[in-house]
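A.B. asks: First, the structure itself, so that you have it in front of you.
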Amino acid sequence: QAPVVESGGGLVQAGGSLRLSCAHSERIRSPWAMGWFRRAPGKEREFVAAIAWRDSSTYYADSVKGRFTIARDSAKSTVYLQMNSLRPEDTAVYYCDTGTRKYEGKWRGFDSWGQGTQVTISS
């Protein structure tokens, strides 16, 4: 298990931007990807984006494609999620997971989650 710490959430108006950070340990044992997930009130946790450890390929949920960008800074052991054109439906607690991969057709996290960071978008 690789501990992570999410940060960068906050309250912004619709159309605004936020950048989330996920600080992770320097040694990553997972061969797969770092993923961002979110859980909105009353809903299940859902996949948002992922970046592969091996070649930095990126993957996005359809709902955020074109608005969110995932990137990594290996020197800082941090993965970022730049979120633009935010909508009220993006309101959720956002989590990252260092062992993310597609399993049975669905993106899932297999390492430990952090505490998450709250993102609230006002209309």
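The values are calculated or read from the model by the stated rules, or taken from the named source; none is laboratory data. Quick caveat: nothing in here was measured; it's all calculated off a predicted structure. Cβ placement follows ideal geometry from the backbone for every residue including glycine, while neighbour counts extend to all protein chains displayed. Ligands, DNA and RNA are excluded from the accessible area calculation, which covers all protein heavy atoms including side chains. Shrake-Rupley method; radii C 1.70, N 1.55, O 1.52, S 1.80 Å.
A.B. asks: Go through region 1-50 and tell me which strands (runs of 3 or more DSSP E), entirely inside it, have 3 or more residues that are more than 10 Å from the chain's Cα centre (by Cα). Spell out how you get there, then give the answer.
C.D. replies: Values: elements: 4-7, 10-13, 18-24, 33-39.
Those strands (runs of 3 or more DSSP E) span 4-7, 10-13, 18-24.
A.B. asks: Please go through (1) open to solvent by 50 Å² or more (accessible area, probe 1.4 Å); (2) at pLDDT below 95 for Gly109 and return the number of the only condition it doesn't satisfy.
C.D. replies: Checking Gly109 against (1) open to solvent by 50 Å² or more (accessible area, probe 1.4 Å); (2) at pLDDT below 95, the one that fails is (1).
A.B. asks: Given the options Ile28, Ile51, name the one that is aliphatic (A, V, I, L, M), farther than 28 Å from Ile121 by Cβ and touching a residue at least 12 places away in the same chain (Cβ under 8 Å). Steps first, please.
C.D. replies: Details: Ile51 fails: farther than 28 Å from Ile121 by Cβ.
That would be Ile28, the only listed residue that is aliphatic (A, V, I, L, M), farther than 28 Å from Ile121 by Cβ and touching a residue at least 12 places away in the same chain (Cβ under 8 Å).
A.B. asks: Looking only at residues in region 17-40 that are among the charged types (D, E, K, R) and at pLDDT 90 or above, which one is surrounded by the fewest Cβ atoms within 10 Å (Cβ to Cβ)? First the steps, then the outcome.
C.D. replies: The initial filter retains those residues of region 17-40 that are among the charged types (D, E, K, R), namely 19, 26-27, 29, 38-39.
Remaining after also requiring at pLDDT 90 or above: 19, 38-39.
Values: Arg19: 13, Arg38: 24, Arg39: 15.
Among them, the one singled out is Arg19.
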